[in-house]
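J.: Attaching a single structure in C-alpha cells format; questions to follow.
The values are calculated or read from the model by the stated rules, or taken from the named source; none is laboratory data. Quantities reported herein were computed from a predicted structural model and do not represent experimental measurements. Positions of Cβ are backbone-derived with ideal geometry, glycine not excepted, and every protein chain shown enters the neighbour counts. The accessibility values were calculated without ligands, DNA or RNA, using every heavy atom of the protein model including side chains. Shrake-Rupley method; radii C 1.70, N 1.55, O 1.52, S 1.80 Å.
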Amino acid sequence: MTQADGTAALLDMETEALHATLAELAPDGEPALALVFERVARGASLTEALDLPAEVVDLLYAQAFAAFDAGRVLAALNQFQALCLLAPRSTDHWLGLGICLRRVDQTAAAMLAFDTALALDPTAAAVRFYRLDLAAHLQDWPLAAAELAAFDGLPDAPAKRSLLPEVQRLRALVAVRSV
C-alpha cells in the first residue's frame, strides 16, 4: 500500500465517521445533517444542500447590504461571510465580503475575496474598480496600472460608466505615483 492509498483510506474512514456522527446528531423531523453533508460532498452549495429558497439568500444579501450602508461594517462582514458559505458562486457576495474586509483593513483577505469575485465574473466592472482602489491603497502602483488597463478593456456597460468618475480620480493618482 502506498502512502497515497493509506491517506485515501484514512480520508474515507474519516468521512464515514463524520457521516455517522452527523446522522446521530440530527433531531427527528429536522433535515438530516448527513444528507446535507452528502450533498455538499457531491458539489452542491450549502444553499442547495439545505434546500433553501433563493429568496432566503436574497434577503440575507439585502440585510448585509443594509448593514453596510448603515455603517455596521462588522455585522455586514459577518453576513457576507455567511453568504459566501451559503452561495459561493455569487460574485456580489465575494465583492461585498472584500469591500467589508478592506474597510476593516484586512487587505490581504480583501484581495483574496476580490480575486474570487473576479474568477467568477472577469467582466465585473465593480470588481476591477475595488481591486484598483485596493492596489492604490497598498501603493502597489504596477498592480494599480494593470487594474486600470483591465478596467479600460472591459466592455462598455452602465456599471462601468457609473464608476468612471472614481476611476478617473484613481487614474490621476496612479499616473502621479507611477512616475
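Per-residue answers, yes or no, for (1) part of a helix (DSSP H, G or I); (2) within 28 Å of Ala175 (Cα to Cα):
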| site | (1), (2) |
| --- | --- |
| Asp58 | yes, no |
| Ala62 | yes, no |
| Leu95 | yes, yes |
| Pro122 | no, yes |
| Arg131 | yes, yes |
| Ala135 | yes, yes |
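J.: Search the range 34-51 for residues being open to solvent by less than 60 Å² (accessible area, probe 1.4 Å) and not in a helix (DSSP H, G or I), and hand back the single one that is nearest to Gln81 (Cα to Cα).
T.: The selected residue is Ser45.
J.: Open to solvent by 10 Å² or more (accessible area, probe 1.4 Å) and either assigned to a loop (DSSP other than H, G, I, E, B) or in contact (Cβ under 8 Å) with a residue 40 or more places away in the chain (or both), is that true of Asp105?
T.: yes
J.: Right, here's the next one. For the range 159-179, enumerate the residues that are open to solvent by 70 Å² or more (accessible area, probe 1.4 Å), of a type outside the set (Lys, Arg) and at pLDDT 95 or above.
T.: Across the range 159-179, the qualifying residues are Ser162, Pro165, Glu166, Gln168.
J.: Search the range 132-147 for residues that are in contact (Cβ under 8 Å) with a residue 24 or more places away in the chain and pair each with any residue that is not in a helix (DSSP H, G or I) when their beta-carbon atoms are under 7 Å apart and the residues are at least 6 apart or on different chains.
T.: Listed pairs, sorted by first residue: Trp141/Ser178; Ala145/Ser178.
J.: Just give me the residues in the range 137-149 being of a type in the set (A, V, I, L, M, F, W, C), assigned to a helix (DSSP H, G or I) and either over 22 Å from Leu112 (Cα atoms) or open to solvent by 30 Å² or more (accessible area, probe 1.4 Å) (or both), in sequence order.
T.: Of everything in the range 137-149, those that are of a type in the set (A, V, I, L, M, F, W, C), assigned to a helix (DSSP H, G or I) and either over 22 Å from Leu112 (Cα atoms) or open to solvent by 30 Å² or more (accessible area, probe 1.4 Å) (or both) turn out to be Trp141, Leu143, Ala145, Ala146, Ala149.
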